[in-house]
Amino acid sequence: MADWGDRGEEMLERKNADGEYVYSFKVMGDEYIIRGKDDPEYIQEIANFIETEIQSVAANNPKLNRTQVSVLTALRIADELHKLRKQYRYLEELLEQAK
């Protein structure tokens with residue numbers, strides 16, 4: 001498995017003049033900076049989720065390069081999202097029918 005390091009490193013955050021947070025975190029050893037008003041704990045949770053998914057894909061496919069690991073991780077997350085959206089729509093329909 002490729003080891004990109006920096007796993008478990010704390011995300012850095014600060015508030016800018018507009019009241020937005022500026023987050024800095026690492027995924028696969030690369031630093032990313034994003035801005036937003038979301039709770040810092042939520043952003044840390046998302047960053048950890050992404051890193052965990054990437055490590056899982058990399059562990060199961062040790063010969064893949066960083067780009068391939070990233071794309072497979074994105075496909076895995078997109079698959080989960082679309083299945084959950086489909087399930088949500090189904091549950092909404094059930095609720096409407098029950099009214």
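FYI, it's all coordinate maths here, none of it is from the lab. Being a predicted model, the structure only gives us computed values, none of them experimental. Cβ atoms come from the backbone with ideal geometry, glycine included; neighbour counts cover every protein chain shown.
Some points to look at:
- Note that the chain, at 20 °C in a medium of 1.002 mPa s, gets a Stokes-Einstein diffusion coefficient of 137 µm²/s from its Kirkwood radius over C-alpha pairs.
- Electrostatic bookkeeping for GLU53 treats Lys and Arg as +1 and Asp and Glu as -1; over the other residues with beta carbon under 12 Å from its beta carbon, the sum is -2.
- Percent RCO, i.e. relative contact order, over the stretch 12-98, from Cα pairs under 8 Å lying at least 6 residues apart: 15
- Comparing ARG66, ARG76, ARG14 in a Gaussian network model of the chain, where Cα atoms under 10 Å apart are tied by springs, the biggest mean-square fluctuation is seen for ARG14.
- Packing order of peptides 48-58, 87-97, highest average first: 48-58, 87-97 (average count of other Cβ atoms within 10 Å over each peptide's residues).
- Within a Gaussian network of the chain (alpha carbon springs, distance under 10 Å), most fluctuating of ALA47, ALA59, ALA78: ALA78
- Extension gain (nm, one decimal) between VAL71 and LYS99, 0.36 nm per residue minus Cα-Cα: 5.9 nm
- Of ASP38, ASP79, ASP18, the one that fluctuates the most in a GNM where the chain has Cα springs shorter than 10 Å: ASP18
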